[in-house]
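So the structure is just underneath, and the comments pick up after that.
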Amino acid sequence: MSTPKRFVPVSDSILREAMRISERSGVPVRDLVEKILATVVGYMRYRPDLLEAIHMLDALEDLRRIGCVMLPQSTVKKILETMPESDFREIVEELGKAAAWYGVVAKAKRGANIDDIQVALQIWLPNIDIHITRIENNPGKFKLVVSPPLNISSERLSTILETIVKNIVASMGGSISSISNSSGVISMVISIAE
């Protein structure tokens, strides 16, 4: 039994683009548009801001492209605690490069204001609290605080977090004027054009 369909007016430019994608992928236009809408509506159940939902999907796809994987916190902590120092340094270097690459791609695709930096950091560090506040009377200056959960906090994790944050901020056009690290909580003052 077929589901009833309704006519929804769509601009010609969007329809032409959908037709090009449809031809490349071999999927009928109607099926393609319906699948796109179903997917976006599904994500919007949990993230009602459409633009944020699309940015999140695109950002996650960028992470997947560079080979990033999600691991349970306890696994990450165990790996970090038992890893030889030389391997740890190599991982920090690779994470720095990957974070810088990701920041450049994010800036090119989605922009580079303070909100874009926060989204990029939240994608990279999903279980880490990230707070950004505007510094009064200083246009374009912000205080960024990164604090991991206490159960996984360590000196090595702080090094990794600091490396990721510094590389994402710098590659998205920001500059860091100060950094402090106290008990695993990283605090930075950053500047970025608004």
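Just so it is clear, none of the values below were taken in a lab; they were calculated from the coordinates. Here the structure is a predicted model, which means the values were calculated and not measured. Glycine gets a Cβ as well: all are built from the backbone with ideal geometry, and neighbour counts include every protein chain shown.
Which FRET efficiency value, to the nearest 0.05, do you get for V29 and W101 by plugging their Cβ-Cβ distance into 1/(1 + (r/R0)^6) with R0 = 35 Å?
For R0 = 35 Å, the calculated efficiency reads 0.55.
Could you check the spin-label model distance between S13 and M70? Points 7 Å from the Cα along Cα→Cβ, value in nm.
Each label point is offset 7 Å from its Cα along the Cβ direction, giving 3.5 nm.
Checking understanding here: applying a Kyte-Doolittle mean of at least 0.0 and a length along the axis of at least 20 Å (C-alpha), which whole DSSP H helices in the chain pass?
29-44, 50-65, 155-171
Under 22 Å Cα-Cα from K5, which lysines qualify once same-chain neighbours fewer than 8 residues away are excluded?
K35
Run the helix sum for the chain: -39,500 (n - 2.57) per DSSP H stretch of 4+ residues, divided by residue count, reported at 222 nm to the nearest 500 deg cm²/dmol.
Helix-only estimate at 222 nm: -18500 deg cm²/dmol.
Return Y102, Y46 ranked ascending by Cβ neighbour count within 10 Å, so the fewest neighbours appear first. Display every interim value, and only then the final one.
On the way: Y102 24, Y46 8.
With the fewest neighbours first, Y102, Y46 line up as Y46, Y102.
Would you check the stretch 71-191 for Lys pairs whose C-alpha atoms are within less than 21 Å, ignoring same-chain pairs closer than 8 in sequence, and give me the count?
Total qualifying Lys-Lys pairs in the stretch 71-191 comes to 9.
Calculate, in nm to one decimal, what T133 and R20 gain on full extension: separation in residues at 0.36 nm each, minus their alpha carbon distance.
36.4 nm
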